[in-house]
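In what follows, a single structure is set out as structure tokens and then discussed.
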Amino acid sequence: MERVNILYRGPLSSCNYSCHYCPFAKRRETASELVHDRDCLKRFVRWLEVRTHRQHGVLFTPWGEALVRSWYRAAIVQLSHMEHVARVAIQTNLSATLNWLNEANLERVAFWCTFHPQEVTRARFLRQCQRLETAGARYSVGCVGLPQHADEIRSLRDELPAHVYLWINAYKSKDRPTDERLSELFTQIDALYPVNAKYHQSRGQECDTGRTTVSVDGQGNIRRCHFVQEILGNMYEQELDALLFRRPCPNATCGCHIGYVHMPALKLKPLFRQNILERILSSS
Ligand code: SF4
Ligand code: SF4
């Protein structure tokens, strides 16, 4: 049976950073909202704990930053010890403590780390990367390709271990003409930058979301991906396996790596293979 990847996005929607382009910047939640998020996550972990009939992968893709919350760290540790969870990964700004790493099975844990030069110094971010490195944890590192961060991104590349994949997300803005020199620099650093810099025509195209990868919210509602709002079913009321089958993409375009990486036409999956959730190139 093929592995099924679940992109979990619970109600949490807050962050300790304040990136100017982000709606979750410095957003705070009430105590009861946080308790609700924790309860949703616990329910998800309990659900997955007994789904031993096939291999699963989990990627936490929160609105905001989740690793600063103890219940996400506990969930990662718990899931990493389940034989049927091949991979548990999280998108993070890497600001949280990493003292818990030795409790996890690092064969299965991975990190999709984003560097925000306006929020944290490169030295501090690299110290956190070094902690992952020393612990033997799997991770990718990336940055939003803002022109004002070009020097920081170049330095980050120089200072990261050579084996670590540094991805760059294009800052797509209708008001900003393409800067060819910047594109060239970013493409030298991340050969897949040009793939990220465009919106891929996707309507009617094959996409493996809804078959091998799904997006799940805190209530258990299943969508094929984060970008198609149609609900396929609910994991707490229906068997997930029964909802998994091939469907063409209904959206006009797909412009996010987390989505278009599942389009067979782009031939990206073979580049990431079993590390697809944490965005690590299989050659790195
Ligand atoms: S670190 Fe991420 S979630 Fe937090 S404000 Fe910046 S972009 Fe938003
Ligand atoms: S191509 Fe993108 S938008 Fe379309 S179904 Fe796949 S991930 Fe979703």
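Would you call residue 27 under 22 Å from residue 215 (Cβ atoms) and touching a Ser or Thr at 6+ places or on another chain (Cβ under 7 Å)?
yes
Just to be sure, is residue 119 touching a residue at least 12 places away in the same chain (Cβ under 8 Å) and either of a type in the set (Ser, Thr, Tyr) or not in a helix (DSSP H, G or I) (or both)?
Yes, satisfied.
Would you be able to say whether some residue in region 188-203 is in contact (Cβ under 8 Å) with a residue 24 or more places away in the chain, within 16 Å of ligand 1 (Cβ to nearest atom) and farther than 23 Å from residue 251 by Cβ?
So far as region 188-203 goes, no, none of its residues is in contact (Cβ under 8 Å) with a residue 24 or more places away in the chain, within 16 Å of ligand 1 (Cβ to nearest atom) and farther than 23 Å from residue 251 by Cβ.
Hey, any hits in region 257-265 for a residue that's without any contact (Cβ under 8 Å) to a residue 40 or more places away in the chain and either over 16 Å from the mean Cα position of the chain (by Cα) or open to solvent by 30 Å² or more (accessible area, probe 1.4 Å) (or both)?
No, that holds for no residue.
Residues in region 101-116 that are assigned to a strand (DSSP E or B) and open to solvent by less than 10 Å² (accessible area, probe 1.4 Å): how many?
Selection size over region 101-116: 4.
Looking at residue 205, is it of a type in the set (S, T, N, Q), farther than 16 Å from residue 60 by Cα and either at pLDDT 95 or above or near ligand 2 (Cβ under 8 Å from one of its atoms) (or both)?
yes
The values are calculated or read from the model by the stated rules, or taken from the named source; none is laboratory data. Note that the structure is predicted; figures quoted are calculated from it, not measured. Backbone-built Cβ (ideal geometry, glycine too); neighbour counts: all protein chains shown. Only protein heavy atoms, including side chains, enter the accessible area calculation; ligands, DNA and RNA are left aside. Shrake-Rupley method; radii C 1.70, N 1.55, O 1.52, S 1.80 Å.
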